[in-house]
Amino acid sequence: MTEKHHKPGSGGRRHAAAGAGGGAGTTRPARAAEAAAGPAPFSGTELRQVSTHITTQWFLPVEGNRLTLMEIDPWRVHAYWNVAEADLTAARTGLPDEGRDAVLVLRFTDLSPGTFDAAPPHPRFDVEVQQARNNWYIGLWRDAKHYSAELGLRAPDGTFVGLVRSNEVVTPRSGPSPEVDFRHLEVRPPRTLQAQRAAGGTERNDALLRDLFPKRLPPVDDYPLAVAEATGGLVEEPPFPALGAEGGDLAPAAWEAVGAADARSDAATAATAGADAFPVIPAAEIEPYRALARRERARVLARIGPPLPPVAEEGVSPTVELQPQPLPIPPANPPVDEVRTEPGGDGHGGYSLGGSQAPWGGASVWQPAIPLEAVLAAVVSSPGQGEWPVQASVELVVRGRNSSASPLTLCGERVQVGDDGTFTLRLPLAQGTELAELIRRLCSRYGDKDGG
Amino acid sequence: MPRGYQCIVLHAHLPYIRHPEYDSFLEENWLFEAITETYVPLILALERLRDAGVRECLTLSLSPTLLTMLRDPFLQARYLAHVDRLQRLAAREVRRTRDDPAFAPLARLYRDRLEEAVALFETRYARDLVDAFARLQADGVVELITTAATHGYLPLLKTETVAVRAQLLVGAQTFQSMVGVPARGAWLPECGYYPGLEGLLEEAGYNYFFVDSHGILNATPRPYYGLSAPLVCPNGVAAFGRDPESSRRVWSRQEGYPGDFQYRDFYRDIGFDLDFDYIRPFILDGHTRIHTGFKYYGITGPDEHKLPYDPAQAARRVAAHAEDFVGRSRRHIAAQGERRSPAPLIVSPYDAELFGHWWFEGPQWLEAVIRRMADAPDAAALTTPSAYLAGHSSLQSATPSASSWGDGGYNAFWLNPGNDWIYPHLHDAAHRMNVLARQHGDAAPGSLPYRALQQAGRSLLLAQASDWAFIMKSDTAKEYARRRTRDHLARFNYLEQCVLVGTIDERRLQALEVMDQLFPDLEPAVYC
C-alpha cells in the first residue's frame, strides 16, 4: 500500500464506531409512541417489523444467466457469473462422454487494438474456474487491454461449449500514454439542467454521440452525416480510394472529390444548424454509410484475413465494420512526430518512434529513418441494425521494413520483425477527439486537419 | 496577475444514516460529531475569512446524502438532543477537572465549543447548515459542488450505464433543489473515474470534475503540463488532478501535519478512559463505550505514553505548518518556470471530516493557510475551479485514465473478497430498475405505482453507496454495512414485485418512505 493511494480517511470517520460495534446491537428500540419521523403514524416497532419482514422475505439470490467482468486494476479482472443448472447440464450433453471430464473455463478474448493481426483473429486464453464458485479473480500480464469473456465447458479434446458471454472491459493504463499530441480545446461553458431540458433535454446516448461527434468542432469540421437530416438528403459519397499496390498513398483525385462533397455539406450545416446544436442523426440515414463500410470491409478482409469475431451480449446482433484507410503521416502535429535512430540506448538499439512536440509549435522535423506506411483502422459496432449507440475503436497501423539488423523499437514497444524485415505495429487511439478526427478524415479524405 | 494558483478542495460526505425505527442509533453519531467538530468550525472559519474580505478561497463538495441529512428535521432534532447530552457531560467535566491545571482549561474549551455550535446551529442558522454554506457561496467565499446521489462508486456500477446516469442526475438535482443553484463541478465518489464518464457528467450539467494524480499523468494523450494544469476531455468537460505532494503533507501518517506530536490525540477519549459508571449516562445504549469528543491528551509520541494537550503549543505548530504549506506551494509554482499560460495550478483535495474531527486543529490550519495566501497572492493565489477555468478556457484536450484515490489507485478497495458479493445484486437490480421504469413509465405522479417506483429507485441508490463496500473492507461496523446493503436490496426487490403484480400495500410503502426519506423529487424516468 502506498501512502499516495491510501484512501484518505481510511482509518477515518468510519472508525468512529470503533469498539462500539454497529447496527441494532448498539441501539435502543424506539418506544411505543410515534417515532419522530414526520406525520406518518408509525411506531418504531411497526417500522422495525416492516423492515425485518421485507429483508427476511425479499433478499433474494440473483437469477438469470449472466457473466460480468469488472476491472480491478491494470493487472486484475474480476468475473462473476450465474448460470442455470439446466443450461449447464444441457451443455454437457453436447460434449464427448456427456461432458464428464469437461471443465468450466472462462475463455477470454483480447480485443485490444493491435492484436488482431495474429492468428486466430483475436488472441484468446482460458482460465479454468471452479464450478462450485460463482466468481473468480484473474491476474493479467499487461495493462490497458480490452477483453471480453465467455463462460463455457471445455472437454479434454478441446471442444468448447459456450454458456454465457460477458460484457467488455478495458483495464486501466498503468503508465503514461504512448500517444504524444497537443491540441487545445475550449472548456464547455456551464449549463444548467433546466437549460438542457428547455433545449429539449439530452437523449439517452448523447454521451457517446458527443464523443463521436464533438459539438465543439466548428461546423466546417462536423461529420458530414450530421447534415443529412438538415439537407434532406445524403451527401453523395465518392468511392473509397483503392489501396495502392503497396498500401501506399491515396489518389489525389479521390481526396479532391470528397473534399468538394464535404464543402457542400459544411455549407449546409452552417446554414441550418446553430453552432451549439447537437446533430441528430436518423439511423436510416446512416445506413448508406454502413453499406459503404460493409463493402469496404469485405474488400479489406479479403486482403487481411477472416473477420473479427462478434462479441456482444446474447440477443444482440452486432455489426462489425472495418474501415481501414491509408493516410499519409502528416508533417505536423501527429501522434508520433519523429523517428529517430537510437543506437544502444536500453540495449535494444534499433529505432524508436516517439518524442514530444512543444505545444507552441516547436521544431519537429519529419525525417523517417525507415520507410513507413500508416493506416487508420476503425472497428464500429452497434447493438443492432441501424441502432444506436455506436461503439467504435480506432487504431493506427504502422507498417514498414527494417533494413537494419538491429532490433526495432517503436513507441517504446519491441516490434517483431519478419524474416524479410517487414513489421506491423498497431497503436490504439483514444476515443474522443481522435476518433472524431478519424471519422472526419474517412469522410473528407483530406488527411490531416492542418493540411498535411 | 498571480504566477500560479492553489485550489483547496474539501469533500464533505457521510452515508445516509437515519433510523426512526430506533430511539437512538449509534451510527447517527457520525453526522452529529461531524456537525460539531467539522462543519460548524468550518463555517465559523469561512465567515471570519469572508469578513476579512477573502474570496474564492475554497471549493467545498457537499454530498447529496449529507445535504439531505443536514436538512432533515428529524436528524436536526436528534442532533440537538445529542449536543444537550454532551453539554451535560461538559458541565460535569468542568466540575470534575476544576482543580487540574492541565485538564480544566480543556474541559472549558470543549464546553465553550459546544455552546458555540448550538448558537450557530440553532440560533443563527435555525438548524439549517445548508443555508450557511449557500450563503458563503453567495458571498463568493466558497464554490459549492456535489457528487453522486449516494456516493456510488461509479467504475463498478458502469456495467449498467443507467445506474451511473441515475447517480449523477439525482445527485445534481438534489444539490440544485437544496442549494438553489446548480453545481458546476462534480466530485467523483472516491475520485473513481473511467474513460467515458465525462459524457454522463456533461449530461448531468457538470463543467468539471476531479481525478487522482495518475488519472491525469496517464491520460491520453500525455498531459504536456503534467499535474500543473487541468485537461479538457473531448466533450469539453474539464478534469483537475490531485497534487500528490500537497496531499501527502496532510494525509501521510509519517510526514503529514496532523501527526505532529503537539497536536491533540484522537484516540484518548474519556469515553474509554473514565469509569464506566461515570460515562454511562452519556452513551447511547448504556453499555458500549464510545468516543465522547472529550480528549485531553496530545499525540506526544509514537507510543502509548501521552502528555496533556496544550492548545497554545498546538497553535504555534498550526502557524508553522501553514507557513510550510504555503511556502511549498509557492516554490512549486516558481519551479514551473517563467509565467506561462495556462498558469500553474496546484489542486489539493481532502476529506472535509479530516478537519476538526480527526485533525482537531485542521480548521485552524486551513484558515491560516488561506489568510497567508490571500495576503500575498502574487506568488500563489487561491482559486476555485470555476474561477480558474474562467481565465483558462482553452486547455489541452485529453482523456484521463481510469483511476481512483483508493488503496492501489484503482478499484481494489471496493471490489475484493470482502465485498464482491454485492455486485451481482447491484448490477441485476439496476438492470431490473431500468426495465421497471420503462414498463411503468406512464404511472401518474403521486399515484401508488409512481411512489413505489420512486421508492424502488431510492432503495437502489442507497444500496449502491460506496460506503458499504468500503466499510466491509475495513475493520469496523462491517455488519452494519452488510445489513444496510441487504435491507436496501430487499426493499428494492419487494417494491419491484409490488409494481409488477400491481398490488401495492400503501401502509408498507409509507413505512419505507418514512425510513428512507430522501430524494423527494426523484423521477423514475431517470432510470429509463
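The values are calculated or read from the model by the stated rules, or taken from the named source; none is laboratory data. Remember, predicted model here, so these are calculated numbers, not experimental data. All Cβ positions, even for glycine, are placed from backbone atoms using ideal geometry, and neighbour counts span all protein chains on display. With ligands, DNA and RNA removed, areas are computed over all heavy atoms of the protein, side chains included. Shrake-Rupley method; radii C 1.70, N 1.55, O 1.52, S 1.80 Å.
Things worth noting here:
- Residues being acidic (D, E), more than 24 Å from B:N411 (Cα to Cα) and part of a strand (DSSP E or B) are entirely absent from region B:124-136.
- The residue list B:H291, B:H305 contains one member that is part of a loop (DSSP other than H, G, I, E, B) and within 14 Å of another protein chain (Cβ to nearest Cβ), which is B:H291.
- From B:L436, B:L366, residue being under 30 Å from B:L231 (Cβ atoms) and either more than 7 Å from chain A (Cβ to nearest Cβ) or out of contact with any Asp or Glu (no Cβ under 9 Å at 6 or more places or on another chain) (or both): B:L366
- Among the residues examined, B:D475 qualifies as open to solvent by 20 Å² or more (accessible area, probe 1.4 Å), modelled with pLDDT under 95 and farther than 22 Å from B:S24 by Cα.
- Considered as a group, the residues in region B:495-518 that are closer than 19 Å to B:Q464 by Cβ and not in a helix (DSSP H, G or I) include one that is nearest to the other protein chains (Cβ to nearest Cβ), and that residue is B:Q517.
- Residue in region A:191-202 that is at pLDDT 50 or above and within 22 Å of B:D420 (Cβ to Cβ) present: no
- Top-ranked residue in region A:165-190 [being open to solvent by less than 10 Å² (accessible area, probe 1.4 Å) and modelled with pLDDT of 90 or more; ranked as nearest to the chain's Cα centre (by Cα)]: A:V169
- Scanning region B:420-454 for residues that are hydroxyl-bearing (S, T, Y) and either farther than 30 Å from A:V77 by Cβ or surrounded by fewer than 17 Cβ atoms within 10 Å (Cβ to Cβ) (or both) yields B:S447, B:Y450.
- The one condition from (1) over 25 Å from B:Q464 (Cβ atoms); (2) within 14 Å of chain A (Cβ to nearest Cβ); (3) assigned to a strand (DSSP E or B) that B:T36 does not meet is (3).
- Residue satisfying all of: in region A:144-184; of a type in the set (D, E, K, R) and not in a strand (DSSP E or B); farthest from B:N218 (Cα to Cα) among these: A:D157
- Pick from region B:191-223, criterion open to solvent by 10 Å² or more (accessible area, probe 1.4 Å) and among the hydroxyl-bearing types (S, T, Y), ranking: farthest from the other protein chains (Cβ to nearest Cβ): B:Y194
- Tally of residues being closer than 24 Å to B:P155 by Cβ, out of contact with any strand residue (DSSP E or B) (no Cβ under 9 Å at 6 or more places or on another chain), assigned to a loop (DSSP other than H, G, I, E, B) and more than 7 Å from every other protein chain (Cβ to nearest Cβ) across region B:374-433: 2
- Some residue of region B:341-356 being aliphatic (A, V, I, L, M) and open to solvent by 40 Å² or more (accessible area, probe 1.4 Å): no
- Search result, residues across region B:269-292 that are more than 21 Å from B:V94 (Cβ to Cβ) and touching a residue at least 60 places away in the same chain (Cβ under 8 Å): B:L284, B:D285, B:T288
- B:A481 part of a loop (DSSP other than H, G, I, E, B) and either on the phi < 0 side of the Ramachandran plot or of a type outside the set (K, R) (or both): no
- Among residues of region A:126-163 being under 24 Å from the mean Cα position of the chain (by Cα) and open to solvent by less than 10 Å² (accessible area, probe 1.4 Å), the one that is nearest to B:Y193 (Cα to Cα) is A:Y147.
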